[in-house]
Structure formats: structure tokens, C-alpha cells
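Read through the structure below, which is laid out as C-alpha cells, and then see the notes.
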Amino acid sequence: MPATSLLIYVGGRLVQAVPILFIIILINFGLIHAAPGDPVDFLIGATEATPEYIESLRREFGLDQPLWVQLVTYLGKIAQFDLGYSLRFREPVLSLILGRMPATLLLMGTALLLSSLVGVLLGVIAARRPYSAGDYAATFVSLAGYSMPVFWLGQIMLIVFALQLAWFPTQGMYSLRAPSQGWGRVLDAAHHLVLPALTYSFYHLALIYRLTRVKMQEVMALDFVTTARAKGVAEGRVIYRHALPNAILPVVTVVGLNFGFMLAGSVLTETVFAWPGMGRLLYEAIGARDYPVLMGLFTVLSVMVICANVVTDVVYALIDPRVVYR
Amino acid sequence: MGEPLLSARDLATRLFTDSGTVQAVDGVSLNVGHGEAVALVGESGCGKSMTALSLMRLVRPPGRIVSGEVIFEGRNLLSLSDREMRAVRGGRLAMVFQDPMTFLNPLMRVGEQIVEAVLLHQYLERGKARMAALEALERVGIAAAGNVIDYFPHQLSGGMRQRVLIAMAISSKPALLIADEPTTALDVTIQAQIMRLLAELRRELSTSMLLITHDLGLVAEYCDRVYVMYAGKIVEEGDVCSIFARPRHPYTRALLRSTLSPDKRVEMLESIEGQPPNLITPPSGCRFHPRCVEKLSRCSVEPPPDFAIAPGARARCWLYEEAGCAAAP
Amino acid sequence: MAATHVPAEPTWWRIFSRNRGSVVGALILGALFALAVLAPIFLRFEPSRINVGPSMSPPSLTHPMGTDELGRDVFSRATAGLRVSLTVGFGAATVSTLLGVLVGGLAGFFGRGTDAVLMRLTEVFQVIPRFFLAVLLVAFFGASILNILATIAVLSWPEIARLVRGEFLSLRSRQFVDAARVAGASRMSLIFVEILPNALGPVVVNATLMVGQAMLLEAGLSYLGLGDPTKASLGQMLQEAQQIMRSAWWTTAFPGLLIFLCVLSLNLVGDGLTDILNPRSRER
């Protein structure tokens, strides 16, 4: 795959993302002004603020100016990465959010990786033995998996594994008495990671499993699989080298499309387990009606989704040569 | 002529579907000799593709080969282990398929797909295997094989893709090549090219060929002997000249009456009345009898055995009861 | 090789009932509806009344689902919450389906301008994470049942519109439409009488699944604290349970179970409907 065509492709996707970014900013701006109440309130949040502060905000955002001037001002601020200030947390919004990002990425990354691998593997195995007892059981379990509210599952897991069996800690990322660095700390974090990651993976695993199973069945019936067998290729290689790459393309697409939904799941899971990520921050911000943080989170999370979509497209292009080689 | 290269005896394959059991291949016996080009002719749905798949043991559920034997180079393919069969498939016994677009893996480079075949049947290391693949591509008449070898299937035209499929099949110099409608999905002009290519390859590599087709024109031009198939059974066998000059079975005659040739005018074409039969519940007696214009009363009751009429000429029809001795059906 | 006889077209009930899962799903859904509708008649305790029983007592005959820390009967609250969930779920799905069918049908039929605009719109909605936009909208406009319902509906209709548009595009060039046009049918008639009934199959399936998604969305919003404070909602009950579930597992198990059963049954029914309404997927 020539690197240049790939780069052009990626570049094209990124350029396409710009208008969407604009719309996101527009949404934030629109909400401040369209929602019932004084726009200033939305720039402060539900915390107490001094009259001087309120005045300074009015001037900063030009709230007495015509709307389009305000929009320009607002855009200017965003361009400088100024997402506002949170009175409650006493921190600029952007740095507050970025500080919580690693924890969320750790949780999401681990869970997505594990559940994707396991889901694909189980899906491939199931596709070879359709309509067996194991298949029906797995299908039902996976259906249950994505009918379940993730936060309920989390609570049940908490009750069973952390409270009753005490195998895992009940919240947070580190114990209070954890060592402050080194392997001990890493292991402690890993120990805390297990339950939230498992909870969060369930939905994704179910989805990937179902999809892979269906797609593998479809692909295995395609003609080129017959050609491979006619060449004398062993069944294992037929499945993993010939069929699976073809079957996995739609799976990659779906994972990409679902990323927004996955982020939502992460948020809810973090809340159950008090995992110190962006999700937990969202929960706290909702409770405190901290609008700047809410808007900031919305922006950052949307950007993450856009990035995930671009990454998905790139992965897809890497597998399917028909995208780049026209 | 000696021992035939391939000899199938009483091959039977059934499809076990929800609506019933389809007797797709019902007691088919055929031979292909060394260096011969044999045609298997019939309408769509008569079982000829299924026969080819059965010979290669490529039948997948809900189909299953239920009885018979396939002797190839002295061994019964149906009794080989999976591993032994895989060594034969693509090596000594190869197959070329109908629609090159769907029969090539869209995500794999063309050269890689040929190299895969080479590595499976020849003890070469990667570099040499790639050269063998290049050679195969050149042999099937692809210019600039050095570039094409790294292309993906969607970057090639239909004719070139079919050449690639052929290159894959002949890469290990098979003794027998089964070609299942190799030109049906191609343009008419390309069809001729591909058939000529196949004829050339046959000569160069001394490969025998089993050509599955419904195109009688191709049969006349490229084959030595013909088997005519109807509703899962072989109904006539003979060499190419006598089949066309003196067709024996009523179905063969009807088939020839319904095809164009230079000395026939369009008004003289006749279609065969009726529909191909339901293979789950086939007609009683001779399967062709509902559509046969020469039928006798016996035909609807008893299925006719295979009668040997002359050396190399057989027909499964009650009309020839006195003419020849009945062979095992 | 294939048989040439055609089996008789099975009736929709036959297909549906062949899929045991769908039948079970339909039964569960029916039971839940009955529970939601009939419960107020049989309830002995008001959902929001506190201290109707000892605080945090496990399930018993008087309180089949136990009581929470304020002494409220969990069963009463749960059924009230179930009503909210079902209302929001079906309401949002209905509104967004109607809207989506309308817009998608027009775009698919007239093509060109309307179509291009619609496609841009759906693309935008696909990228922007719905859940977080919902959080934002509800936080800004206030958390009432109506707002939540409207928010979910507004965020869901582009997906349906896209689906309908796709169906219209493939159907409008089919022969039966030409035949009707030649016979003099008006444009409106073509849209509503000829094409729409055929396009509805996948739409109904999608709508069914959408109800479940809407319910999960509503539950998620309530769990985070954006539910309607005047009404008990299942998500909210789970939020309240977060603190006390160590000692009162019933405060989370039952409300969550109700949500789960709703979504599960809807998914099962949706799968069954897929078999009926999508003939392509019928081959097994």
C-alpha cells in the first residue's frame, strides 16, 4: 500500500471532520443562548459567583453585543483552546478534562481490546458450528449482554464480586494505602481495573460476537472460499487467512460507528465504580450543574469520536485495498 | 488407451435440505483418459457442477457424497484422508471456476494467491515460489506479469482474472483440469481467447480436461468425448463426432434441435417442452419421459439402464434395448 | 442441483412463532405492559410515600421488592418507573419514526436537493455522540419527561430517515412503481400507496429496536441525575441504590431487572420481526 495514497486518504478524512467540529461548537454556542435563562448562568454553572466575576464574564464573552459578534468571540476562544473555567473545580475546563482522560482511556482501551479479540474468536468458533447447543446458549447470553443497562450490570458485579466475595475493590483506581510508584502501583491499578473493564466489555463483546458470527457464516459461503479449498488449503488457513479478513471489514465499520455509544457506556461504568475518569467528571458536573464543564466534555468527547472514526477508516483501508487502490 | 486417468463409478451426491432430499448426482459414472478433453453437458441445474465438486470432494453441507468411488491415478479419492485429499487438490487435480470476480479473494494480491497454491504442492522456498507464480502468469498469456503479480483482483479485467484463476490451477502442472463453465461469465470475444488458452495449455502440459458446460459450440470445437447429463444422471456418452452427427438419446436430440448452427435457420429452432424436473421427487421411470417426444409406455414406469450401443457410445434409453447390451445402470 | 418447486408462502404468524425467542419476548413484553398498566389498581402503597414500611427491609409478602432507605415500597416505585420507561421508550420511538419516515420518504422520492441536505444531516448526527448531546440538552432545557422524550426523538430520527431514504431509492426505480405511474397515479399516491408499504418492513424492525435503545438512554440519563425529579424512574432508583446497595441489594436488582426485561423482550421481538419483514434474511 503506497504510503502517499494512504496519507492523502487520511488527510481527506481529517478535512471532512472540520465542518463537524464547527457544528459542535455551534451547538454549544446555540445552547447557551437558546436555553431558557440568562446565558451568563450557563457560563458559570450553579455555583455561587461574585458580581464582579459575572461582570467580567459579560465583558469577556461580549454578551451585550450582537449575536454574530459573540459567535466570533466564542470561536476565537475555542481556537485558543480556552474552554472556560469551572468555579466548582477551580480549574480551567480543558486541563480538568485532560487530567481525567488517561483513566478513561485506560479503561476503554483495555476493555475494547479484550472484548474485540475474544468476541472475534468466539464468533469464528461459533460460525463453524451453527445451531449447536453451545451456539444457542452463546447467542442468548450475547443478546442478554446488549439488552442490559451497563450501570445495572456494574452494580450487580459490584455486589457479587466486590461486596460479597470481596475479590475486588469497590471503587476508584488506587487503594488509599497503595505504593506511590513502581510495579506495586501498577498491579493495584490493574486490580481495580478488572471489574469495571469486565462490566464495560460485556456489551461490546456481545455485539462483536454476534456480528462476527453472522459475517463469518456469510463469507464462508462465498465462492473464493471454494477456490481456496480447491487449491488444497487447509481448513484452518481458509478460515483465518481467507475468510476472516473479509468478514471483519463490516465489524470494523460497526465498531467505528458505535464508538459514541461506547463512550457513553464508559461514562456510566465509571460512575458505578467511581473510576476517576471523564465519565465520573460528567456525573459530578451534572450534579453541580457545572455547565462549562458539561459543554467542555461534550466538545472533547465529540472530538474523540471523530478521531475514532478516522482511525476506523484507516484501519479499514489497511485491510481492504479496494478503498485506496481505485 | 490403457487405464483412464480418472474413473468415477456410481457417484451419488445428495443435498439434505429442509424441503427434502435433492438427488443432485444420482449414480454418475464417467472416465477421463490421459490427454483427453471430455465434456460434461447439460442444462442449468442438471447436476454437472455438483458432479465436478463431488469429484474434487468439495461438497459442503447440506450436500454429501453418499456412495460411489472416484479412482484417480490409481487411488480412490473418496477414501483418502482429508490431508491426503488436500495434497491432491490443486496439485495433480485442479479446478477452474466460473466467475473470476467472486472466485478470487478480494483482499489478497493475485500473486500471493498463486504462490499459496505453489507452496502447497511443490517444495520450493518463497523466492522460487514467486518465480513459479510469475512463470504461470506468463504462461497464461498475461503481459507485464511482473506488475500484475502484485495487483489485487479488482484492478484486473474479467478476462485477466480468469487467466489468473487458470494460472493458479496449472501452477503445479496438474494431470487433470476440471473447468466448470470457465467462459460463461465472460464476453464472447474473451471466451474464445480463454478456450484457446486452455487448449494450448493442455498441449504444453499434457493435461487432460473435463469441461463442464452448457455451450455445445465449445464442446464441438474443443472436446474429444461428451457425456450428456440430465436430472442427475448421465443419459448419453459418445465421441464428439457421433454425438453431433448421430445423437442417440431423445434429450440430446432435443438439445441439438434447440441450438443454432450455421446451416440452420432461426425458424427451425425448437425449444424443449416442459420444465426441468424436481430433483426431490423426480419423475418415475425415465426422468426425461414427461418431456420426451419419442417416449414409449415403458418409459414412465421403469428407469432405463445404460445401454452400450457401439464402442464408446452409450445411451440411457429404452429405445436401444435391442440394439445394445445393458450395462450396469 | 436446486429443486424447482416453491414451498407455500408461510403466514407471518407462522414465521414469528417459529422463532421461539420472539414469542417469549412478546410474552414478556405483554406481561410488563400489564404490570405497568394494572399495577396502580392493585397497589397498596403510593410510590413516593415514605415510611410505609421499615427502612431497607428485604423482599417480603407486604413488600415484594423490599423497601429503600426512606421506607418507600420498591415495588410501587418500580412499577411507576416502568410506566415512565415504557412511555418514553415507545413515545420517542413513535415520534422519531414518524418524523424519519416523512423526511426520509420525501428525500428518497424527490432526490437531489432534499436528499443532499438530509444526507449531510444524518452524517453529522452519526458522528456526534448522541448520549452526550442528550445530556447537554436535558441539562440545559430542564429534565422533564417531555423534554427527555423530545430529546431522544430528535436525536433518533435521522437514522430512520436514512433507512427510509435508502429503501425509497431502491424501490422507486422498480417496475411496479412505473406501472402505477403509467396508470396515472399522482405523486402523493405513488409515495404513500405504492412505495411506502414496501419500505416499512425494515422501518418497523428498526423502530422496535429503537424503543429499547430509547429506554436505555432514558435510564442512563436518569441514573446520572438528569431524570424527571417529580417522577420515579428506574434509572433514578438505581442512582439512589448506589449508596445503599451494600446492605440492600433489592434496591438495585429489581428496578434494573425491569429495564433489562423490557429491552431484552424488545430485542427478541425485533429479531422475530426481522425474519418476517426482511425476506432476504429468511433463508436459513
Charge sum, other residues only, whose C-beta stays under 14 Å from B:PRO4's C-beta, Lys/Arg counted +1 and Asp/Glu -1: -3
Cβ-defined net charge surrounding A:VAL69, 15 Å radius [Lys, Arg +1; Asp, Glu -1]: +1
Dipole of chain A, positive direction: furthest Cα of A:ALA190, A:PRO36, A:THR170, with charges on the beta-carbon: A:ALA190
Net charge (Lys, Arg +1; Asp, Glu -1) of residues whose beta-carbon lies under 9 Å from that of B:GLY47, B:GLY47 excluded, is +1
Separation of the B:SER300 and B:GLU73 label points, Cα + 7 Å toward Cβ, nm: 5.1
In µm²/s, what is D for the protein assembly as shown at 37 °C and 0.692 mPa s, where D = kT/(6 pi eta Rh) by Stokes-Einstein and Rh is the Kirkwood radius from Cα pairs? 100
Efficiency of FRET between B:LEU205 and B:GLU43 - r from beta-carbon atoms, R0 30 angstrom, step 0.05: 0.45
Over all alpha-carbon pairs in segment B:74-214, figure out the percentage whose distance exceeds 22 Å. 35
Other chains near C:133-142: what is the mean number of their Cβ atoms within 10 Å of each residue's Cβ? 6
Quick check on chain B: of the DSSP beta bridges with both residues there, what percent are antiparallel, nearest 5%? 65
Cβ-based exposure ranking for A:LYS77, C:LYS231, in which fewest neighbours within 10 Å come first: A:LYS77, C:LYS231
For B:TYR151, distant residues with modelled amide H under 5 Å away: B:VAL110, B:GLY111
Against the longest alpha carbon principal axis of chain A, how many degrees, from 0 to 90 and to the nearest 10, is the axis of helix A:3-34 turned? 40
Go from 0 up to the bin containing the longest alpha carbon distance in segment B:93-171, width 5 Å each, and give me the % of pairs per bin. 3, 18, 31, 27, 15, 4, 0
Of A:LEU107, A:LEU7, how do they rank once you tally other Cβ atoms within 10 Å and put the fewest first? A:LEU7, A:LEU107
To the nearest 10 degrees, the tilt of helix A:259-273 (Cα long axis) against the first principal axis of the alpha carbons of chain A is 70
What ³J(HN,Hα) values, in whole Hz, does the Karplus curve 6.51 cos²θ - 1.76 cosθ + 1.60 give for segment B:157-168 when θ = phi - 60°, with x put for Gly and Pro? 7, x, x, 5, 4, 5, 4, 4, 4, 5, 4, 4
One would report the antiparallel percent of DSSP beta bridges in the protein assembly as shown, rounded to the nearest 5, as 65
Among all helices in chain C defined by DSSP H, which have a length of 18 Å or more along the axis from Cα atoms plus a Kyte-Doolittle mean of at least 0.0? C:20-42, C:74-110, C:112-127, C:145-172, C:196-221, C:250-277
Angle in degrees between helix A:291-319 and the longest Cα principal axis of chain A, rounded to the nearest 10: 30
Give me the distance in nm between label points sitting 7 Å out from Cα along the Cα-to-Cβ direction at A:GLN80 and C:VAL24, one decimal. 6.1
Inter-chain shielding of A:149-162 (mean C-beta neighbours from other protein chains, 10 Å cut-off): 6
28 Å Cα cut-off, lysine pairs counted over the protein assembly as shown (separation 8 or more, or different chains): 12
How much FRET efficiency would the formula 1/(1 + (r/R0)^6) give for A:TYR53 and A:LEU176, where r is the Cβ-Cβ distance and R0 is 56 Å, rounded to 0.05? 0.95
For B:MET131, C:MET215, what's the fewest-to-most ordering of other Cβ within 10 Å of each Cβ? B:MET131, C:MET215
Per the helix-only model, chain A has a calculated mean residue ellipticity at 222 nm (DSSP H runs of ≥4, -39500 (n - 2.57) each, divided over all residues, rounded to the nearest 500) of -24500 deg cm²/dmol
Computed FRET efficiency, Cβ-Cβ of C:VAL37 and C:THR114, R0 45 Å: what is it to the nearest 0.05? 0.65
Got a sec? Which residues in segment C:206-237 would a label at C:SER170 touch, if it sits 7 Å along Cα→Cβ and we count backbone N under 20 Å? C:206-210
What order do you get for A:262-271, B:63-72 when each peptide is scored by the mean count of other beta carbon atoms within 10 Å, highest first? A:262-271, B:63-72
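Every number in this text was worked out from the coordinates using simple rules, so none of it is lab data. Keep in mind it's a predicted model, so treat the numbers as computed, not measured. So basically every Cβ, Gly included, is an ideal-geometry build from the backbone, and we count neighbours across all protein chains shown.
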